[in-house]
Amino acid sequence: MALLELRKLVKAFGGLLAVNDVTFQVEKGEIFGLIGPNGSGKTTIFNCIGNFFPITAGDIFFKGRSIKGLKTHQVCHLGIGRTFQVVKPLARMSVLDNVTASAFCRVNSIKEAKEEAHRALGFCNLLSEKDKPAKSLPIAGRKRLEIARALATKPELILLDETAAGLNPSELDEAIDLIKKIRDSGVTILIVEHIMKVIMTISDRIHAINFGQTIAHGTPKEVANNRAVIEAYLGEEYAQG
């Protein structure tokens, strides 16, 4: 049984089909990449999984159970955490307090929440920054804080939305190492990423979409060589070459 399954997922905004009949499965323990050009529907799929957007048709299953119609906090409690493409920490609160707030998803006391926050910050190499206001962190630190906040909810599946965007080459390597470390800790990963170095390096399988529809699925090598994917990213003239 797949950990996460999307079955013929459709999300419409009025007459616009942002996601149209998308089906895929994410197996426990893998890193599953979701790619596509800007505006292809990737983040919309994440928002449907977490029920930020109610789905128009189809269904979503987590550990064999339909999560269609559940509230966002219920989806989180089931074991699905996520990061956001635009990171917005609680700017005036400390790094530690940002993660402590997330930890209350699983614990009931401030002591336990802070203990869990310390673990998540240590995992993301942010303990030395714990007393600083979140707004003081550079973009790489904010990206790691976003991951720490998600990990503090103790997810079985984490949705990573462009966690490498805006990073320099050395920070990019650190991000790749952290993503692999998350998987090695036992957390399954569904990742949206535009930086091909990241997605092709870490993914076990990749699902490609364009204009809300599936265009390819397979190993990184299979997807990278797929004519429809090349055309979607580079144009028809490159697909013909």
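The values are calculated or read from the model by the stated rules, or taken from the named source; none is laboratory data. These numbers come from a predicted model, not from an experiment. Heads up, the Cβs are rebuilt from the backbone with ideal geometry, glycines too, and the neighbour counts pull from every protein chain shown.
The residues in segment 1-25 that are within 17 Å of I215 (Cα to Cα) and free of Cβ contacts under 8 Å to residues at least 24 places away in the same chain can be counted, and the count is 1.
Contact map, segment 66-78: residues that are outside any helix (DSSP H, G or I) paired with residues that are charged (D, E, K, R) and modelled with pLDDT of 95 or more, Cβ distance under 8 Å, separation 6+ or inter-chain. Pairs shown: S66/D59; K68/D59.
Of the residues in segment 105-123, none is of a type in the set (D, E, K, R), buried (at least 18 other Cβ atoms within 10 Å of the Cβ) and either within 30 Å of G212 (Cα to Cα) or in the same structural domain as I202 (by TED's automatic domain parsing) (or both). Checked against (1) surrounded by fewer than 17 Cβ atoms within 10 Å (Cβ to Cβ); (2) farther than 19 Å from V19 by Cβ, F211 passes all but condition (2). From the residues in segment 50-62 that are in contact with a Lys or Arg (Cβ under 9 Å, 6 or more places away or on another chain) and closer than 20 Å to K154 by Cα, which one is surrounded by the fewest Cβ atoms within 10 Å (Cβ to Cβ)? Out of the qualifying residues, it is F61. Taken over segment 102-116, the residue count meeting the criterion of being outside any helix (DSSP H, G or I), under 19 Å from I147 (Cα atoms) and of a type outside the set (D, E, K, R) is 3. Considering only residues in segment 192-203 that are over 15 Å from the mean Cα position of the chain (by Cα) and of a type outside the set (S, T, Y), the one that is farthest from R7 (Cα to Cα) turns out to be K197. Taken as a whole, the structure places V87 among residues that are in a loop (DSSP other than H, G, I, E, B) and either in contact with a Gly (Cβ under 8 Å, 6 or more places away or on another chain) or of a type in the set (V, I, T) (or both).
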